[in-house]
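Some notes on the structure that comes next.
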Amino acid sequence: MKCVECGGEMMDVIGTVKMTCRDGSLILFKGIPMKQCRQCGEQYLSGQWSETIGEMMRRREELAYDEILRVPVVHIDGSLHLSGVVG
């Protein structure tokens, strides 16, 4: 299988899927078997895993979380000037 984004070689990995809920909260599903491009990092899930994660998202109130993370959030607006911020 070749990556549809860059044509690179795909490899089997165990990775993390990031899903955003309607309320803006984020859920990470770790330990998911997937294909990942060696060149650009694009990830592909099987149909079975996509369906499983979709069902888990629909029933997220019932999920038992393994850990809760604090994530820094930066809001960007049009008035932000990047001079001196980005090298």
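Within region 34-65, being within 21 Å of Cys6 (Cα to Cα) and not polar (S, T, N, Q) holds for Met34, Lys35, Cys37, Arg38, Cys40, Gly41, Glu42, Tyr44, Leu45.
Given the condition out of contact with any Leu (no Cβ under 8 Å at 6 or more places or on another chain), part of a loop (DSSP other than H, G, I, E, B), modelled with pLDDT under 95 and surrounded by 11 or more Cβ atoms within 10 Å (Cβ to Cβ), answer yes or no: does some residue in region 16-39 qualify? No, there is no match, as no residue in region 16-39 is out of contact with any Leu (no Cβ under 8 Å at 6 or more places or on another chain), part of a loop (DSSP other than H, G, I, E, B), modelled with pLDDT under 95 and surrounded by 11 or more Cβ atoms within 10 Å (Cβ to Cβ). Scanning region 11-63 for residues that are touching a residue at least 12 places away in the same chain (Cβ under 8 Å) and among the polar types (S, T, N, Q), we see that the one that is nearest to Val73 (Cα to Cα) is Thr16.
Once region 40-87 is narrowed to residues that are in contact with a helix residue (DSSP H, G or I) (Cβ under 9 Å, 6 or more places away or on another chain) and part of a loop (DSSP other than H, G, I, E, B), the residue that is modelled with the highest pLDDT is Leu45.
Of all the numbered requirements in (1) under 13 Å from the mean Cα position of the chain (by Cα); (2) in a loop (DSSP other than H, G, I, E, B), Gly7 misses one, and that requirement is (1).
The values are calculated or read from the model by the stated rules, or taken from the named source; none is laboratory data. Just so it is clear, the model here is predicted, and its values are computed rather than measured. Using ideal geometry, Cβ is built from the backbone for each residue, glycine included, and neighbour counts are taken over all protein chains shown.
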